[in-house]
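The values are calculated or read from the model by the stated rules, or taken from the named source; none is laboratory data. Keep in mind that what you see is a predicted model, and the values were worked out from it rather than measured. With ideal geometry, Cβ positions are generated from the backbone for all residues, glycine too; neighbour counts draw on all protein chains shown. For the accessible areas, the whole protein counts, side chains as well, though only heavy atoms, and no ligand, DNA or RNA atoms are used. Shrake-Rupley method; radii C 1.70, N 1.55, O 1.52, S 1.80 Å.
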Amino acid sequence: MSQRAFLQDLDSRIMTRMQAAGMADVPSYRAGGTGAPQKCGAYVDDAAAFFGDDAQPVAGARVVISLMLFEVPTPARNDTVTIDGTVYTLDALVTQDQSISRWVVS
């Protein structure tokens, strides 16, 4: 089994168990914001972000959604994720590895 396959299988098992335990939501994903909705695994990180390297950095809020690539293999800008009635639009890719894609959303 390749590393990519192993990581995606591991993420799938973790996400399934967290959803079954009520510790993770079951969001829906729409390509382009208008495609047919599909169930996906996602984590939402709603935290502060700090900007600036000087003595007085600026703080601001930003929301980052981590999508599981085993369910959403090619996320793209302007795709949407709906969680508990809130629609998030993918704005900017933060990082992506072999199993998870992290996006700043609006």
Next item on the list: For segment 76-99, name all the residues that are open to solvent by 20 Å² or more (accessible area, probe 1.4 Å) and not in a strand (DSSP E or B).
Entry: A76, R77, N78, D84, G85, D97, Q98
Checklist line | Selected residue (criterion: least open to solvent (accessible area, probe 1.4 Å)) from residues of segment 10-29 that are part of a loop (DSSP other than H, G, I, E, B) and under 20 Å from D79 (Cα atoms) | finding: P27
Item checked: Flag if R62 is touching a residue at least 40 places away in the same chain (Cβ under 8 Å), open to solvent by 30 Å² or more (accessible area, probe 1.4 Å) and in a strand (DSSP E or B) -> yes
Next item on the list: Could you list, in sequence order, all residues of segment 56-86 that are in contact with a helix residue (DSSP H, G or I) (Cβ under 9 Å, 6 or more places away or on another chain), of a type in the set (A, V, I, L, M, F, W, C) and at pLDDT below 95?
Entry: M68, L69, F70, V72
Checklist line | Residue in segment 65-75 that is surrounded by the most Cβ atoms within 10 Å (Cβ to Cβ), counting only those that are closer than 17 Å to R4 by Cα and of a type in the set (A, V, I, L, M, F, W, C) | finding: L67
Check: Does F51 satisfy being aromatic (F, W, Y) and open to solvent by 90 Å² or more (accessible area, probe 1.4 Å)?
Finding: yes
Notebook entry, point to check: What is the number of the single condition among (1) open to solvent by 20 Å² or more (accessible area, probe 1.4 Å); (2) more than 26 Å from Q3 (Cα to Cα); (3) in a strand (DSSP E or B); (4) of a type outside the set (G, A, S) that D45 does not meet?
Noted result: (2)
Next item on the list: For A36, state whether it is assigned to a loop (DSSP other than H, G, I, E, B) and either at pLDDT 90 or above or open to solvent by 70 Å² or more (accessible area, probe 1.4 Å) (or both).
Entry: yes
